[in-house]
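Just so it is clear, none of the values below were taken in a lab; they were calculated from the coordinates. Here the structure is a predicted model, which means the values were calculated and not measured. Every residue, glycine among them, receives a Cβ derived from its backbone with ideal geometry; neighbour counts consider all protein chains shown.
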Amino acid sequence: MNAFVRMLTHELRLALRGGGDVLTLVLFFVIVGAIVPFAIGPDQALLARIAPGIVWIAAFLAMLLGLERLFRPDYEDGSLILLRHAALPFSLTVAAKIAAHWLVSALPLIIASPILAMLLAMDGEAFWRSILSLLLGTPALAAFGAVGAAVTVSIRRGGLIAPILIAPLSIPVLIFGVGAITGQQAQAAMLFLAALSLMALALAPFAAALAISSAED
């Protein structure tokens, strides 16, 4: 456990060293939501109705921006080979990277979501549901993103291919994420989101570790 915590701390330190990356993700998230009101006009009722979908699409697209730095820098400088032979099992190393990716890519978006809620004219109940749905669903997006980044880590310009691979996996998360905010079965959608995240987090470290090992062998 101590080795896992040290690995997580190390990944967070590396990710936060370039603080501009986190700011870029947050600005992209907010800008996507800010553009939509200009596109559909001043109809606040329509804007509030489609706001949950906009929030989730903006979060999904923003999290894609951070995939390139998840494994590729370590792959290019040879660190992944050393990590595969470290005392900490490689799947736990990948799990630490996924956790750091979520903390750096998803948590800032959740913190910035009040800005998006104001821009999209969301009411109080929809806002709190969106916060909860993002907390429950974005870990699955981070896990799926890690698998896509691992599969394409040895491919030149793999960052362009990874989003195509993970988009089909992410569609159920987006569907249940929107349903958790506005659907009649919001509670059931929340439970499905939690189940998807738990399943993804349980399987993704092993799948990503296997993909990276296959790419390096």
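Per the Cα gyration tensor, region 2-211 maps to an equivalent ellipsoid with semi-axes of 32, 18, 15 Å, ordered largest to smallest.
The ranking of THR24, THR152, THR182 from fewest to most other beta carbons within 10 Å of each one's beta carbon is THR24, THR182, THR152.
Among MET7, MET63, a tally of other beta-carbon atoms within 10 Å of each Cβ gives an order, fewest to most, of MET7, MET63.
One Cα centroid belongs to region 170-217, the other to region 77-121; the line between them spans 15 Å.
With respect to the chain, whose longest principal axis is taken over its alpha-carbon atoms, helix 107-119 is tilted by about 20°. Dividing the helix sum by the residues of the chain, where each DSSP H run of 4 or more adds -39500 (n - 2.57), gives a mean residue ellipticity at 222 nm of -29500 deg cm²/dmol. Exposure proxy ranking for SER197, SER133, SER91, based on other Cβ atoms within 10 angstrom of each Cβ and starting from the fewest, stands as SER91, SER197, SER133. The stretch between GLN187 and SER214 holds 5.7 nm of extra length on full extension. This uses 0.36 nm per residue minus the Cα-Cα distance.
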